[in-house]
Amino acid sequence: MKVAVTYEDGNVFAHFGRTEQFKLYDIAGGKVADAQVVSTDGNGHGALAGMLAGWNVDTLICGGIGAGAQSALMEAGIRFYGGVSGSADEAVQALLAGTLTYNADVHCEHQGHGDHEEGDSCGSDRHGCPGSEKF
């Protein structure tokens, strides 16, 4: 199993399509066998599902995520858990323990329509995107 987490400063980054890094976790025997942080090299939204598939990721943990990205992940056979915040490492441990709290209905319908304030992204408490709840 290979898990990717949208990543920034040790935490789950709030918006899949704008993440600059993923932390990739190789899982063996129900435990983290290896982990590394990788750059998205400036790629966003449409290219990220393909990047994850190229890294053989089968599970994604993220904050907010738009409908198009959700479709691309499903087409690539990647399970995703959106609406997650807090420590990336703790989120992966919770996933492995079967206790990860996530929002199955997370999405951001206004993505790209200017509703994000400067510095905001999906998952921000300022504009009420689904996934802004603290899990």
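Laboratory data are not the source of any read-out in this text; all were calculated from the coordinates shown. Just so we're clear, the structure is a prediction, and the values are computed from it rather than from any experiment. Cβ coordinates were reconstructed from backbone atoms using ideal geometry, including for glycine residues, and neighbour counts include every protein chain displayed.
What residues qualify as long-range amide H neighbours of residue 11, i.e. H under 5 Å apart, gap of 5 or more or another chain, H built at 1.01 Å from N?
Amide H to amide H, under 5 Å and 5 or more residues apart or across chains, residue 11 pairs with 88.
Please give me the summed charge of the neighbours of residue 20: other residues whose Cβ is under 13 Å from its Cβ, Lys and Arg +1, Asp and Glu -1. Before the final figure, lay out each step's value.
On the way: positive: 18, 23; negative: 8, 9, 41.
Cβ neighbours under 13 Å give a net charge of -1.
Going 7 Å from the Cα of residue 39 toward and past its Cβ, which residues in region 1-16 have a backbone nitrogen under 16 Å from where you end up?
Answer for this model: 7-9.
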